[in-house]
Amino acid sequence: MRGFSTVLVERGDLATGTTGRFHGLLHSGGRYAVKDPQAARECIAENVVLRRIAADCIEDTGGLFVTTPIDDPQYADRFIAGCRDTGVPAEEIPVAEALRREPRLNPRITRAFVVPDATVDAWKTVWTCARSATEHGARILPYHEVIAVTRDGDQVTGIIARGPDGEQVQIRAQVTVSASGAWAGRIAAMADCRVQVLPGKGIMMASSHRLVQSVVNRCEMPADGDILVPIRTVSVIGTTDTPVEDPDHWAITQAEIDQMLEAGENLVPGFTAARMLRVWGGVRPLFQDHAPAETRDVTRAHAVLDHRARDGVGGFLTITGGKFCTFRLMAQDAVDAAAEVLGSTRPCRTADEPLPDSQERRFYQLGSRLAERERTLTDEQLICECELVRRGRLEEEMARRPAPSLDDLRRAVRLGMGPCQGGFCMFRATGILHQVKHLSAAEASRALLAFLEERWKGVYPLLHGDQLRQARLDDWIFQGVLDVEHLPLTAPTRQPESAAGTATGPPT
Ligand SMILES: Cc1cc2nc3c(=O)[nH]c(=O)nc-3n(C[C@H](O)[C@H](O)[C@H](O)COP(=O)(O)OP(=O)(O)OC[C@H]3O[C@@H](n4cnc5c(N)ncnc54)[C@H](O)[C@@H]3O)c2cc1C
């Protein structure tokens with residue numbers, strides 16, 4: 001938007017890092033009002049801006065902070081004072097009113113406060129920003145991994161990336177900005193610079209339907225499992241904060257899952273009996289030059305690092321830390337710093353110009369897909385019943401991308417994200433992908449198996465009750481319809497005469 005010639009490279013699909021693996025909460029700032037006032041001020045300022053420029057990506061659920069039986073009753077007074085000091089609007093309401101709004105809430109809560117929390121669809125936001133950037137002339141290269149940062153003496157001159165087919169792409173730039181979240185230290189090291197980012201793992205679990213209609217936070221110092229977020233058709237409980245060595249290698253433990261279930265039970269009695277769909281995790285980029293013992297103690301505010309001042313290396317900036325809900329401000333600060341390096345004074349306009357699809361400033365409404373479906377009930381095949389994905393919308397998304405995986409399509413249109421976790425829609429989607437992208441049978445089979453394996457990772461740690469029955473049914477569907485365990489994954493080759501009739505084992 002400032003008229004620079006720009007290229008974005010991302011090693012996977014867009015929003016496959018922490019963005020796309022987070023809680024989906026557009027913070028009011030209440031969570032940080034006591035512990036991290038700077039982060040609280042940033043959150044509320046950006047909450048207001050994003051409601052103005054990205055309304056289509058936001059559901060205005062509102063939020064509650066409630067004092068549950070396990071919380072320190074004194075904290076509520078500190079909370080309300082912190083909100084006042086940081087400009088976070090918070091209003092106390094009677095407990096009876098809170099229970100009227102959220103009938104499933106723990107009836108033993110003692111205080112309740114209303115705040116302007118909301119929920120935000122990360123994938124939609126990221127793709128809409130990408131669309132806007134492209135319309136302003138940016139080039140976006142997903143599936144391009146930075147493998148080197150190039151230098152000419154003490155000046156960074158760009159990067160070398162490895163593309164989807166292994167080809168190397170060199171990009172020369174006057175300014176290179178690393179916006180690589182928990183991976184910022186690795187990218188900085190490629191330029192012989194030093195950035196210390198503490199990766200903090202957090203896990204989340206989605207229930208099969210909404211247990212609450214507004215975001216429910218415990219009114220307490222940030223702790224594990226203290227927020228329940230209603231997003232789209234599900235509720236998400238989270239999260240934890242555990243330091244990990246490597247943002248690419250970490251695991252979710254049974255103890256963490258049990259901890260989330262117990263935490264959910266405290267907010268909404270009966271939570272442990274609710275049907276849980278899947279569990280996933282993400283890694284916070286926590287920036288701190290001098291590491292504290294606990295990742296929870298690191299500020300959630302962001303930092304722009306100019307490596308000329310820090311490491312004597314020019315033309316290279318790192319933006320890290322922060323929250324999803326402060327992404328626009330982070331971008332503004334990073335581009336301000338880049339503009340300064342380039343000697344440009346063009347002002348930032350991202351706080352004022354709405355993103356595509358948000359010009360009318362109408363928030364996303366739960367039920368909007370259903371309303372659209374009602375209009376096209378008899379005209380168009382429904383591919384995903386849980387998330388109401390129409391065939392036309394799916395084909396459009398397939399055609400728009402050069403080589404989408406089924407997981408990319410899942411993120412783009414929420415395919416297979418509901419209670420059946422792909423059981424009823426994925427074999428259909430694979431057939432359509434096969435047709436639209438002219439895949440070979442082996443390529444289509446590989447696409448399906450890759451999707452099923454990826455999904456399984458998040459499903460199996462939680463399997464019990466109805467979701468276990470569902471997983472068994474899904475298994476029968478895939479075995480029965482496609483004999484999925486024996487799909488040929490390579491193109492058939494002609495057998496030599498002598499081998500004809502020899503039994504070959506199934507591919508593994
Ligand atoms: C469990 C959890 C819950 C959270 N909940 C919330 C919330 O409710 N609300 C909120 O506002 N924030 C929340 N956050 C924080 C928020 O999600 C993150 O701060 C934010 O998404 C980070 O964005 P980022 O762009 O800095 O990093 P990322 O989204 O991780 O982006 C960095 C990208 O760099 C890419 N990359 C890495 N190495 C390379 C390479 N060599 N070449 C090319 N690309 C590379 C990665 O693939 C990645 O996509 C949460 C975080 C966690 C972990």
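The table that follows gives values for the structure above.
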| read-out | value |
| --- | --- |
| Residue match in the range 255-276 (condition: assigned to a loop (DSSP other than H, G, I, E, B), modelled with pLDDT of 95 or more and within 16 Å of the ligand (Cβ to nearest atom)) | no |
| Check on THR150, more than 30 Å from LEU462 (Cα to Cα) and either touching a Lys or Arg at 6+ places or on another chain (Cβ under 7 Å) or assigned to a helix (DSSP H, G or I) (or both) | no |
| Positions within the range 464-486 being small (Gly, Ala, Ser) and either farther than 15 Å from ARG428 by Cα or not in a helix (DSSP H, G or I) (or both), in sequence order | GLY465, ALA471 |
| Given (1) under 24 Å from the mean Cα position of the chain (by Cα); (2) away from the ligand (no atom under 12 Å from the Cβ), number of the condition ARG194 does not satisfy | (1) |
| Pick from the range 407-452, criterion among the charged types (D, E, K, R) and either out of contact with any strand residue (DSSP E or B) (no Cβ under 9 Å at 6 or more places or on another chain) or assigned to a helix (DSSP H, G or I) (or both), ranking: nearest to GLY480 (Cα to Cα) | ARG428 |
| Residues of the range 376-386 satisfying the condition of being surrounded by fewer than 20 Cβ atoms within 10 Å (Cβ to Cβ) and at pLDDT 90 or above | GLN381, LEU382, GLU385 |
| Residue in the range 314-325 that is farthest from MET1 (Cα to Cα), counting only those that are more than 7 Å from the ligand (Cβ to nearest atom) and surrounded by 21 or more Cβ atoms within 10 Å (Cβ to Cβ) | GLY321 |
| Residue list for the range 155-180, restricted to those being at pLDDT below 95 and touching a strand residue (DSSP E or B) at 6+ places or on another chain (Cβ under 6 Å) | none |
| The one condition in (1) surrounded by fewer than 21 Cβ atoms within 10 Å (Cβ to Cβ); (2) within 14 Å of the ligand (Cβ to nearest atom); (3) on the phi < 0 side of the Ramachandran plot; (4) part of a loop (DSSP other than H, G, I, E, B) that PHE4 fails to fulfil | (2) |
| Output for the range 10-44, where each listed residue is surrounded by fewer than 18 Cβ atoms within 10 Å (Cβ to Cβ) and either within 6 Å of the ligand (Cβ to nearest atom) or among the hydrophobic types (A, V, I, L, M, F, W, C) (or both) | ARG11, GLY12, THR19 |
| Check on PRO199, farther than 21 Å from ARG101 by Cα, surrounded by 22 or more Cβ atoms within 10 Å (Cβ to Cβ) and at pLDDT below 95 | yes |
| Selection within the range 215-241 - within 14 Å of the ligand (Cβ to nearest atom), surrounded by 20 or more Cβ atoms within 10 Å (Cβ to Cβ) and either more than 16 Å from the chain's Cα centre (by Cα) or modelled with pLDDT of 95 or more (or both) | VAL215, VAL216, ASN217, GLY225, ASP226, ILE227, LEU228, VAL229, PRO230, SER235, VAL236, ILE237 |
| Close pairs (9 angstrom Cβ cut-off, 6 or more residues apart or separate chains): free of Cβ contacts under 8 Å to residues at least 60 places away in the same chain in the range 360-379, of a type in the set (Val, Ile, Thr) anywhere | ARG369/VAL389 |
| Failed item, numbered, when TRP183 is tested on (1) part of a loop (DSSP other than H, G, I, E, B); (2) under 19 Å from THR18 (Cβ atoms) | (1) |
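The values are calculated or read from the model by the stated rules, or taken from the named source; none is laboratory data. Since we're looking at a predicted model, the values are computed, not measured. Glycine gets a Cβ as well: all are built from the backbone with ideal geometry, and neighbour counts include every protein chain shown.
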